[in-house]
Amino acid sequence: MATSVQQKKSLRPAAARRVVLGLFALGLVLGAFANPSIVDRGVDKAGLRKFVPFHLAQTKFNFPFHLGLDIQGGTHLVYRADMSAIPAGQQSDSMDSLRDVVERRINLFGVAEPLVQVEKSAGQWQLVVELAGIRDINTAIRLIGETPALDFREARQAAERDAILAAQKNKQRTGEDPYFVPTQLTGRYVKGASLSFNSTSAEPQIDLELTSEGATLFGQITKRNVGKQLAIYLDGAPISAPVVREEITGGKATISGNFTPEAAKELVGRLNAGALPVPITLIAQQSVGASLGQESLDRSLFAGLIGFLAVVVFMIIWYRVPGVMAVLALLLYIAISLAVFKLVPVTLTVAGIAGVILSIGMAVDANILIFERMKEELHRGKQFEEGVREGFARAWTSIRDSNVSSLITAAILYWFGSSMVRGFALTLGIGILISMFSAITVTRSLLIAVMTKKMEKRRSLFMSGWSK
């Protein structure tokens, strides 16, 4: 039995070495994904271009980082809101709803972290929109665009219809629709939209789910129009006019027409963005430069690099071999973080970069807690392997509690904060989760992997900086 236990223990470092090889390969892949230009330069300098005939930075796997307005500049737009039909007591809430709708609409097109603010100047409500990386003002205007004006209209009485048509022949009442009259049911009552295909004709159609209030209105409208046409208008033009067969109370509606799949998909996205609760008019537009500038950004990154190198030097000098393991884990942490930021994608503002740097510090702090617990176990005379495992076990509760409290803080900042604060909270939260993996799993695997009889005899490589 003793022999089998000893063999089982001897397999643990070997298994850890296999894990380390896998982590090393993962780090190389993620590092190449995060910065493929470095790989290309390395291949060129090593004279390996004949074996690697393509440039990684020019492939479709090279996703760009999304940078914020303060780093790369963008477009500044100002809209005036028409509050003539909004009661005074509801204007503030209506502007908040308008801001939320515009933010959702912009993010539908992949522009992350837009700055959308509500302002009131000289009695006029305004909406200020800043879009990072969008320097073509016309493109920016199209991103916001006009939210589709969707409404349901019921058929006019025959006498009223004929009267309008007769008047229009004499060039009177030209602005009226002779066939249908608007109802209260508009796009503001649309809860969600989805694309589907007619089971008979295979033509694309749009399925609408209405809010509870919209479902009530729809039920009332269909009840009084059984056997009549109920037209669906989009941006003032009829796109469908089906005949109502019976009262519809489920809050469901279907829009059919001569849609292409692409047009139907675009309309679904626009409807899901929400109808504008307040009409808006563009009154000012301009391109803006980066608020920090490239030189300031380079200096900030350089300062962050110096800080990282200072931490590296301290960890290696004070903790020796464990310090080297912690530095390797931090390098893997950086590679994973950058890859995640590219894939999500996360918009990197200066505040977001600060969140990344702060999470690096927290990862180092977790390693220090682990190493100090290891010191205590090794001072008690325990074997190296046992001391490492016990040190990690004892440090885990402190690391867990501190990181959970930080994650809760990041979640609160993300939920209640503004756009820039949410960017900081998002990168901080992602960084904390990844740093826990690097501090616990990666560092632990690296330390167990170096457990050999020779290392056991050289305890000074692990005790230097701890011993009295």
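Here are the numbers for the structure shown:
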read-out	value
Meets criteria (in contact (Cβ under 8 Å) with a residue 60 or more places away in the chain and either assigned to a helix (DSSP H, G or I) or among the basic types (Lys, Arg) (or both)) for ILE412	no
From SER337, SER398, residue being without any contact (Cβ under 8 Å) to a residue 40 or more places away in the chain, among the hydroxyl-bearing types (Ser, Thr, Tyr) and out of contact with any Pro (no Cβ under 7 Å at 6 or more places or on another chain)	SER398
Among the candidates SER196, SER212, residue that is hydroxyl-bearing (Ser, Thr, Tyr) and closer than 20 Å to ALA264 by Cβ	SER196
Test: residue in region 330-344 that is modelled with pLDDT of 75 or more, of a type outside the set (D, E, K, R), in contact with a Ser or Thr (Cβ under 9 Å, 6 or more places away or on another chain) and not in a helix (DSSP H, G or I)	no
Single unsatisfied condition, ALA14 versus (1) within 30 Å of VAL442 (Cα to Cα); (2) surrounded by fewer than 18 Cβ atoms within 10 Å (Cβ to Cβ); (3) modelled with pLDDT of 80 or more	(3)
Among (1) modelled with pLDDT under 85; (2) over 22 Å from the mean Cα position of the chain (by Cα); (3) surrounded by fewer than 19 Cβ atoms within 10 Å (Cβ to Cβ); (4) assigned by TED's automatic domain parsing to the domain that holds ALA351, the one test that LYS468 misses	(4)
Scope region 102-131; condition at pLDDT below 75 and touching a Pro at 6+ places or on another chain (Cβ under 9 Å); matching residues	ILE106, ASN107, GLY110, ALA112
Long-range neighbours under 9 Å by Cβ, at least six apart or interchain, first residue over 18 Å from ILE448 (Cβ atoms) and modelled with pLDDT of 80 or more within region 356-375, second surrounded by 22 or more Cβ atoms within 10 Å (Cβ to Cβ) and among the aromatic types (Phe, Trp, Tyr)	ILE368/TYR319
Qualifying positions in region 217-244 - without any contact (Cβ under 8 Å) to a residue 60 or more places away in the chain and within 35 Å of the chain's Cα centre (by Cα)	ILE239
Residue within region 167-174 that is surrounded by 18 or more Cβ atoms within 10 Å (Cβ to Cβ) and either closer than 15 Å to LYS252 by Cα or assigned by TED's automatic domain parsing to the domain that holds VAL268 (or both) present	no
Every residue from region 195-253 that is aromatic (Phe, Trp, Tyr) and either surrounded by 16 or more Cβ atoms within 10 Å (Cβ to Cβ) or under 16 Å from GLN184 (Cα atoms) (or both)	PHE218, TYR233
The listed residue being in contact with a Lys or Arg (Cβ under 9 Å, 6 or more places away or on another chain) and under 30 Å from LEU98 (Cβ atoms), out of GLY250, GLY214, GLY192	GLY214
Search result, residues across region 365-391 that are within 30 Å of PHE424 (Cα to Cα) and surrounded by 23 or more Cβ atoms within 10 Å (Cβ to Cβ)	ALA366, ASN367, ILE370, PHE371
Positions within region 415-465 being part of a helix (DSSP H, G or I), under 19 Å from VAL356 (Cα atoms) and at pLDDT below 70, in sequence order	SER419, MET420
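The values are calculated or read from the model by the stated rules, or taken from the named source; none is laboratory data. Predicted model, so just to flag it, every value in this text is computed and none were measured. As a convention, Cβ positions derive from the backbone with ideal geometry for all residues, glycine included, and neighbour counts pool all protein chains shown.
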